[in-house]
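> Structure provided below as structure tokens; questions to follow.
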Amino acid sequence: MKQRKEESRGFGLRRRLFSYTLIGSVVCLSLLCLFYGTTFAPSLRPSHSYDPTTAPLSRHVIGQGGGRALLLLAPNLTATSFPVCDKRLSELIPCSDRNLLYQMRLKLNLSLMEHYERHCPPQSRRYNCLIPPPSGYKVPIRWPASRDEIWKSNIPHTHLASEKSDQRWMLVNGDKINFPGGGTHFHFGADKYIVHIAQMLRFPQDKLNNKGSIRTVLDVGCGVASFGAYLLLHDILAMSLAPNDVHENQIQFALERGIASTLGVLGTRRLPYPSRSFEMAHCSRCRIDWLQRDGILLLELDRVLRPGGYFVYSSPEAYALDEKNRRIWAEMSDFAKRMCWQIASKQDQTVIWVKPLTNRCYLRRNIGTLPPMCDQGDDPDAAWNVPLNACITPYSKRVDRAMGSGLLPWPKRLTTPPPRLEELGISSDEFLHDNNIWRSRRVKYWKQMSLEIQKNSFRNIMDMNANLGGFAASLVNMNVWVMNIVPANESNKLKIIYDRGLIGTVHDWCESFSTYPRTYDLLHSWMLFSEIQKQGCSFEDLLLEMDRILRPHGYVIFRDKAPVINYIKTLLKALRWDDWSQEVIPKADSLSSDGEKEKVMIVRKKLWHASLDML
């Protein structure tokens, strides 16, 4: 009996010991997972605002998995490396990540295209890693050859070549993809189609720019942007727009070719452009229901068109004789008439409407006519996360009196103070002085890079804090185009950029930009890090985003306060931006920081594989 009790006591002791050991193991394992992260776990790092004037706080790689990595803050240390994302993320667009939408279970209205709009990951779900290039990635073919061919290995997607083979969007040719210039409604080439539009409008010499009066065009549902590519021959700059939809990678193809384009969709929010930005809008079989929701999408086009602007519409509704298309055409014609649009020309498969020059037609409409005029409190230039409104934007008294935008033909408008400057309280002298400063700055930048760059080193350029577009204007004689980014808190400046005949968009750099990885050759960052510091956003987040956007062998020009540049410099090796760099202290000018020393640092990104082997 005594022996049985001792055995029972021993068994109980062993059970308790086993339980304690098991609990201890679970706790240790949990702590290890928390510390090192896992392959699929989101980042647990806190958001922070870096102040370069105090002791630096830097995130250091503790562990990494296939996708996200855990970064922790540590005082007085510098990151020695950033983790590399899983190769499956080589085409990640953080604010258009379908996996994220699925995981977050967002309730989106698919019929309104909400799933194609921007939905950025919260801080806790951001990827904190370097986006790798796809296997076999090569430095892109340079412009102008890139208009017609790219490396297949850089965008290894050929489904559009087979799906659109009869329309000649693109053709696979060995290790390259060729672009014959075809489209859904211009199988025989965008060049011939553009000439046909000019002939329909009876423009001189069949040139669509109409002696410089047409400079900026919005191409909605652009495909691989061949329309925009061939508009360049007419000295016209297009903003080619398409969503990341069933024709995924179309914008990636366009940017790889060196054509100005961006991800976007007409859904529930305004396009990120101010009112009266474009002389022409174009839709070639863009599969948009323009009559939905009381014509709200057509009214958005009306908002961004200038007085006397054109809408070129090539679609079966304009010519087909079946009952369905004839009904849609009748409804569109009636709606356009109530918007005060008139048909400028209609021929074959294309109709061209023209917007009125003044408010006269709007004032003659009967009371209660739909669509209504917008309320006086509606700001037509507000364009960042602004819901669409089904109303007509009337012209200001100045525009109405001038019977148009008052802009000079291109290229004179580039350097002439535009009328809308007065809305920003900027004088003509200040505008001209800004031009001179950026011309001087650009010359000095290129002098710094003169031994490293070639004539065709750059094609796609982004000015991340564009102000009035002076940097882009200084590049006008080069074979480049510039995406001018105006911060959301200064969005009114974007209308000056468009009035100059340049293009751009509004953006908040605390979020990711809507583009594919590896789409820009040069990023220009003027005082941007000092600005996001005021907003409490992370320097490292922005640097990782810049790395995602930048092509291998691409360049970044930083111009900022000296402590900011000094801190960024400590991260160049971790970012693999140490292929080449140069740093100078520039001569102060009227745009320099008051009382604070600035630095200019130019760096070049390495070409590397996911294996981390440098080339």
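The values are calculated or read from the model by the stated rules, or taken from the named source; none is laboratory data. In this text the structure is predicted, and so the values were computed from the model without any measurement. Because the Cβ atoms are built from the backbone with ideal geometry, glycine has one as well, and the counts that use them run over all protein chains shown. Each accessible area value is taken on the protein alone, full model and side chains, heavy atoms only, with ligands, DNA and RNA left out. Shrake-Rupley method; radii C 1.70, N 1.55, O 1.52, S 1.80 Å.
> Hey, can you find the accessible area per residue of the stretch 216-298 for me, probe 1.4 Å, expressed in square angstrom?
Averaged over the residues of the stretch 216-298, the accessible area is 21 Å².
> Of K455, K207, K493, which has the most accessible area with a 1.4 Å probe, and how do the rest follow in descending order?
Correct descending sequence by accessible area is K455, K207, K493.
> Would you kindly find the accessible area of S514, with a 1.4 Å probe and non-protein molecules such as ligands, DNA and RNA excluded, rounding to the nearest 10 Å²?
So the heavy atoms of S514 present about 20 Å² to solvent.
> What list of ³J(HN,Hα) couplings, whole Hz, do you get for the stretch 409-418 from phi and the Karplus terms 6.51, -1.76, 1.60, once you set θ to phi - 60° and write x for glycine and proline?
Those phi angles translate into x, 6, x, 4, 5, 4, 10, 9, x, x Hz.
> Something else: Return, ordered by residue number, the residues of the stretch 174-209 whose backbone nitrogen is under 11 Å from a label point located 7 Å along Cα→Cβ of E149.
Counting only backbone N, you get 174-179.
> In whole Hz, what ³J(HN,Hα) sequence does the stretch 374-381 give by Karplus (6.51, -1.76, 1.60; θ = phi - 60°), x for Gly and Pro?
5, 5, 4, x, 6, 8, x, 8
> Once you have the alpha carbon radius of gyration of the stretch 85-244, what is it after dividing by 2.2 N^0.38 Å, with N set to its residue count?
It is 1.26.
> Between the stretch 170-232 and the stretch 464-527, what is the C-alpha centre distance in whole Å?
Using only Cα atoms to place each centre, the spacing works out to 24 Å.
> Skipping prolines and chain starts, which residues have an amide H placed within reach, meaning under 5 Å, of the one on G309, given they are 5 or more residues away or on another chain?
Under 5 Å from the amide H of G309 lie the amide H atoms of K355, each far enough along the sequence or on another chain.
> Same structure, new question: Nearest 0.05, what FRET efficiency do R287 and K597 give at R0 = 60 Å with Cβ-Cβ as r? Don't skip to the answer; put the middle values down first.
Values: r = 54 Å, r/R0 = 0.90.
Plugging the Cβ-Cβ distance into 1/(1 + (r/R0)^6) gives 0.65.
> Here's something else I'd like to know. In µm²/s, what is D for the chain at 10 °C and 1.306 mPa s, where D = kT/(6 pi eta Rh) by Stokes-Einstein and Rh is the Kirkwood radius from Cα pairs?
Result for D is 60 µm²/s.
> Here's another thing I want to ask about it. I'd like to know which of L101, S590, Y230 lies farthest towards the positive end of the charge dipole of the chain, counting +1 on Cβ of Lys and Arg and -1 on Cβ of Asp and Glu.
Sorting the options by dipole projection puts first L101.
> Once all Cα-Cα distances of the stretch 468-581 are split into 5 Å bins that start at 0, what whole-number percent is in each one?
Cα pair-distance distribution for the stretch 468-581, in percent: 2, 10, 20, 24, 22, 15, 6, 1, 0.
> Return, ordered by residue number, the residues of the stretch 316-359 whose backbone nitrogen is under 13 Å from a label point located 7 Å along Cα→Cβ of M403.
Only 357-359 pass the distance filter.
> Work out from phi, with θ = phi - 60° and the Karplus expression 6.51 cos²θ - 1.76 cosθ + 1.60, the ³J(HN,Hα) of each residue of the stretch 352-364, listed in order in whole Hz, and give x for Gly and Pro.
In residue order, the calculated couplings are 10, 9, 10, 7, x, 7, 9, 7, 4, 5, 4, 6, 8 Hz.
> Let me ask something additional. Could you give the spread of the C-alpha atoms of the stretch 382-534 along their three principal axes, from largest to smallest, in whole angstroms?
53, 34, 28
> With every protein chain left in place and a probe of 1.4 Å, what is the accessible surface of V246, to the nearest 10 Å²?
Around 100 Å² of this residue is reachable by solvent.
> How do E596, E545 stack up against each other in accessible area, from largest to smallest, with a 1.4 angstrom probe?
E596, E545
> Mind jotting down the distance between the C-alpha centroids of the stretch 294-342 and the stretch 98-153, whole Å?
Comparing the Cα centres of the stretch 98-153 and the stretch 294-342, I get a distance of 32 Å.
> Roughly what would the spin-label model give for C361 and Y102, points 7 Å off Cα along C-beta, in nm?
4.7
> Which order do K534, K164, K176, K192 take when ranked by solvent-accessible area (1.4 Å probe, heavy atoms of all protein chains), largest first?
K534, K192, K176, K164
> Separate question: Pulled fully out, how much extra length does the chain show between N489 and S450, if you take 0.36 nm times their separation in residues and subtract their Cα-Cα distance?
My answer for the length gained is 10.5 nm.
> According to a simple spin-label model (label point 7 Å from Cα along Cα-to-Cβ), what is the distance in nm between D206 and S162?
A separation of 3.8 nm, rounded to one decimal place.
> Can you tell me the mean projection area, over all orientations, of the convex hull of the stretch 387-429's alpha carbons? Units nm², please.
The directionally averaged projection comes out at 4.7 nm².
> Given the C-alpha centroids of the stretch 385-432 and the stretch 560-615, what is the distance between them in whole angstrom?
36
> Run the paramagnetic zone check for D245: 7 angstrom along Cα to Cβ, then residues of the stretch 85-124 with backbone nitrogen under 16 Å.
109-118
> Rounded to the nearest 5, what % of the DSSP beta bridges within the chain are antiparallel ones? Show your work: numbers first, answer last.
Details: 37 of 76 bridges.
Antiparallel: roughly 50 percent of the beta bridges in the chain.
> For a quick check: with amide H placed at 1.01 Å from N, whose amide H comes under 5 Å from S240's, ignoring anything fewer than 5 positions away on the same chain?
D219, S261, T262
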